[in-house]
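Structure first, commentary second.
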Amino acid sequence: MKAFFVLLPFVFISFLLPGQTTPLPNAHAHNDYEHDRPLFDALSNGFTSVEADIFLIKDELYVTHNKPVSLKNTKTLTELYLQPLDEVVKANNGQVYPGYGGSFYLMIDFKNDAEGTYAKLIEQLQPYKHLLKTKTQDGPLTIFISGERPITAILNDPENLVSLDGRPNDLGQGITADKMPVVSTSFKSLGFWNGNGEIPFDIRLKIRQLSDAAHKEGKKLRLWATPDNPASWQVLLNNGVDLLNADDLTELKTFLLAK
C-alpha cells in the first residue's frame, strides 16, 4: 500500500498540468469515495470539492458510508485523501490545481462519535497542517465537517484546522465564514421537484432566500439530494447555489464547461 501512494504524483500528475484540467468552482463530488479512483476521478474532471464519509473504528478513521462488517478492504482517510492530497500539492508547487487561486474543499461527514472522531482527525491532520487554510496560513485545502458535527469543539479551536458545514438555522448566529464556510441543507426540505419542467415558484423562492442569506455572511450554499441533471443544475446556479452535488462527474463537468 505504501508503495502505491509513493507513486501517486507520477501516475496522476499528467492531468494536473496547467491547461489540461479546468478547475470548476461549482463542482462537488457527492460520495466521492464510491468512484473507481477516489479523489483522482474528481481531480481529473476539475472538481474543487469532494465528500468523504468516515467512521471512527478501533482508533482509526475509515472512509465508508455504512459501518463495515469487515475492515479488510476499507481504506482510511489518510490513505484515500490526506496523503494523496499532500502528494498532489507537493507536485504542483503548493496548489491542488496549478494556477488556481481558490480553495479545494474536503467535506468530511462524521458518521459516529462526534467528539472522538474530531479528536482523532485533529491528531491525524498534524503532519498535513501545511496544506490547510487556517487563521494563520492560506493553504490550498479547506476541510469542513458535516454529519455528527462537534460544533462547540470546532468553534472553540483557536487554530481553526477544520470548519463546519452549517445548516440554515446556523445563519444569523454570528458564526464567521472562516468557522463555517458552507451552509447545506436537503433539497427535499424545500419541497418536491424532480428536475423536469419548471421548478415550483415557492421552491425557487426558498432557494433564493437561503442563498442570499448565506452570501450575506460570506458563505457558500450547497444542497444535497437534488435532481442530478443539467436542468436542475441550471436552476440551482441561477438561484445562487454555489456547490452542485453530482454523482456523474463527467456530466457535471460537461455542463459547467459549456457555460
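Miscellaneous remarks
- Against the criterion of being among the hydroxyl-bearing types (Ser, Thr, Tyr) and either touching a Gly at 6+ places or on another chain (Cβ under 8 Å) or closer than 28 Å to Ala225 by Cβ (or both), Tyr33 qualifies.
- Residue satisfying all of: in region 97-121; in contact with a helix residue (DSSP H, G or I) (Cβ under 8 Å, 6 or more places away or on another chain) and of a type in the set (Ser, Thr, Tyr); farthest from Gly166 (Cα to Cα) among these: Tyr97
- Whichever residue in region 212-226 is over 13 Å from Gly172 (Cβ atoms) and among the charged types (D, E, K, R) and, among such residues, is surrounded by the most Cβ atoms within 10 Å (Cβ to Cβ): Arg222
- Set side by side, the residues Tyr62, Tyr81 differ, and just one is part of a strand (DSSP E or B) and touching a residue at least 12 places away in the same chain (Cβ under 8 Å), which is Tyr62.
- Taken as a whole, region 230-237 holds no residue that is among the hydrophobic types (A, V, I, L, M, F, W, C), surrounded by fewer than 17 Cβ atoms within 10 Å (Cβ to Cβ) and under 21 Å from Arg149 (Cα atoms).
- Some residue of region 8-21 being over 15 Å from the mean Cα position of the chain (by Cα) and at pLDDT 95 or above: no
- Residues that are over 19 Å from Ala214 (Cα atoms) and either more than 15 Å from the chain's Cα centre (by Cα) or in a strand (DSSP E or B) (or both), drawn from region 132-146: Leu132, Lys133, Thr134, Lys135, Thr136, Gln137, Asp138, Gly139, Leu141
- Residues in region 196-211 that are of a type outside the set (Phe, Trp, Tyr) and surrounded by fewer than 17 Cβ atoms within 10 Å (Cβ to Cβ): Asn196, Gly197, Glu198, Pro200, Asp202, Ile203, Leu205, Arg208, Gln209.
- Residue list for region 97-131, restricted to those being over 19 Å from Pro181 (Cα atoms) and either part of a strand (DSSP E or B) or under 15 Å from the mean Cα position of the chain (by Cα) (or both): none
- Selected residue [in contact with a His (Cβ under 9 Å, 6 or more places away or on another chain) and either within 30 Å of Arg37 (Cα to Cα) or not aromatic (Phe, Trp, Tyr) (or both)] from Gly240, Gly195, Gly174: Gly240
- Hits in region 35-89 - residues which are out of contact with any strand residue (DSSP E or B) (no Cβ under 9 Å at 6 or more places or on another chain), farther than 22 Å from Arg149 by Cβ and surrounded by fewer than 16 Cβ atoms within 10 Å (Cβ to Cβ): Asp36, Arg37, Lys58, Val69, Ser70, Lys72, Asn73
- Taking (1) without any contact (Cβ under 8 Å) to a residue 60 or more places away in the chain; (2) farther than 30 Å from His130 by Cβ in turn, Leu257 satisfies each apart from (1).
- Residues of region 147-163 satisfying the condition of being under 10 Å from Glu115 (Cα atoms) and among the small types (Gly, Ala, Ser): Ala153
- Residues in region 187-239 that are among the charged types (D, E, K, R), out of contact with any strand residue (DSSP E or B) (no Cβ under 8 Å at 6 or more places or on another chain) and over 22 Å from Thr142 (Cα atoms): Lys188, Glu198, Asp202, Arg204, Lys206, Arg208, Asp212.
- Residues that are of a type in the set (Asp, Glu) and without any contact (Cβ under 8 Å) to a residue 40 or more places away in the chain, drawn from region 104-161: Glu115, Glu123, Asp138, Glu148, Asp157, Glu159
The values are calculated or read from the model by the stated rules, or taken from the named source; none is laboratory data. Quantities reported herein were computed from a predicted structural model and do not represent experimental measurements. Note that each Cβ is placed from the backbone with ideal geometry, even for glycine, and that neighbours are counted across all protein chains shown.
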